[in-house]
Amino acid sequence: HMKDIEATMYNVSNDSVLAAEGKELNGTVDMKLFDVGALHGTFTAPLISRSDAFTLHAMVRDMPLPAVNSMSENLVLLRADSGWVSSMHMHMNANNDSAVGTFTMKYDDAWLSIVKHDGSKRRFLTQLVNTIVHHDDRERPADEGTLRIRIARKKDHSFFNFIWLYTREGLSRTLLPPGWIDVHSTVMEQQERIQKIASPERKKNERKNGA
């Protein structure tokens, strides 16, 4: 999903004197996201932090919305059929427990599908959601242009999963009507519980079949 990565890190050190002075690790990254969108990001973190605190700011420009389907479809049971993202800004203050910040996306012509795990479309739900979704960011109320985001970290998941969960929350709240967000979150939590229950049994069967 990422290519042409150019990254620079500054103040990479375990020097206790620098840490005591409040010096920070700083980094920048530029890349192609999903082979199409131009992403620029900055990262800062204290050299010493018991809570693994960090701040991330990322901006994406000029990307077709369906480009995120390769990541989002299986994760959120939501597929973008069309749409163009002219810019997306994400600011994230986080630590090992949670993240808070903002999310803003400028987009147009967004049409969505609600899908099953096999990728097939839920036609009734798709028709319903597209009658009330904001197809263009200019259709959103002015006071909802920039969203305040707060999520908890899943500590058994990776750092990049943490960032994706934050992005997923921003995308869902930007594109889906408020009532659908609660329903959508409940469905995803149920799916995750089912997968956790099924995973040990699946591994057991794989070992049995391998034997």
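The values are calculated or read from the model by the stated rules, or taken from the named source; none is laboratory data. Computed from a predicted model, the values in this text were never measured in an experiment. Cβ coordinates were reconstructed from backbone atoms using ideal geometry, including for glycine residues, and neighbour counts include every protein chain displayed. Accessible surface areas use protein heavy atoms only, side chains included; no ligands, DNA or RNA. Shrake-Rupley method; radii C 1.70, N 1.55, O 1.52, S 1.80 Å.
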- line: Given (1) without any contact (Cβ under 8 Å) to a residue 60 or more places away in the chain; (2) in a strand (DSSP E or B), Ala19 misses just (2)
message: Would you confirm, using the coordinates I've provided, whether Arg150 is closer than 30 Å to Asp52 by Cα and modelled with pLDDT of 90 or more?
response: yes
query: Just wondering, is there one or more residues in region 61-79 that are farther than 25 Å from Arg150 by Cβ, modelled with pLDDT under 80 and out of contact with any strand residue (DSSP E or B) (no Cβ under 8 Å at 6 or more places or on another chain)?
result: yes
statement: For region 47-57 the number of residues that are in contact with a Gly (Cβ under 9 Å, 6 or more places away or on another chain), at pLDDT below 90 and surrounded by fewer than 18 Cβ atoms within 10 Å (Cβ to Cβ) is 0
- prompt: Only one of Asp143, Asp109, Asp118 is assigned to a loop (DSSP other than H, G, I, E, B) and open to solvent by 80 Å² or more (accessible area, probe 1.4 Å); which?
  reply: Asp118
task: From (1) more than 18 Å from the chain's Cα centre (by Cα); (2) at negative phi, pick out the condition that doesn't hold for Asn95.
output: (1)
- prompt: What is the one condition in (1) surrounded by fewer than 11 Cβ atoms within 10 Å (Cβ to Cβ); (2) free of Cβ contacts under 8 Å to residues at least 24 places away in the same chain that Gly41 does not satisfy?
  reply: (1)
message: For region 169-178: of the residues being open to solvent by less than 50 Å² (accessible area, probe 1.4 Å) and either farther than 15 Å from Ile114 by Cα or in contact with a Pro (Cβ under 9 Å, 6 or more places away or on another chain) (or both), which is modelled with the highest pLDDT?
response: Gly170
- request: Go through (1) outside any strand (DSSP E or B); (2) out of contact with any helix residue (DSSP H, G or I) (no Cβ under 6 Å at 6 or more places or on another chain); (3) free of Cβ contacts under 8 Å to residues at least 60 places away in the same chain; (4) not acidic (Asp, Glu) and name the single condition Ser82 misses.
  value: (1)
task: Collect the residues in region 146-163 that are surrounded by 11 or more Cβ atoms within 10 Å (Cβ to Cβ) and aliphatic (A, V, I, L, M), keeping them in residue-number order.
output: Leu147, Ile149, Ile151, Ile163
query: Any chance region 23-35 includes a residue that's more than 17 Å from Thr167 (Cβ to Cβ), surrounded by 14 or more Cβ atoms within 10 Å (Cβ to Cβ) and among the aromatic types (Phe, Trp, Tyr)?
result: no
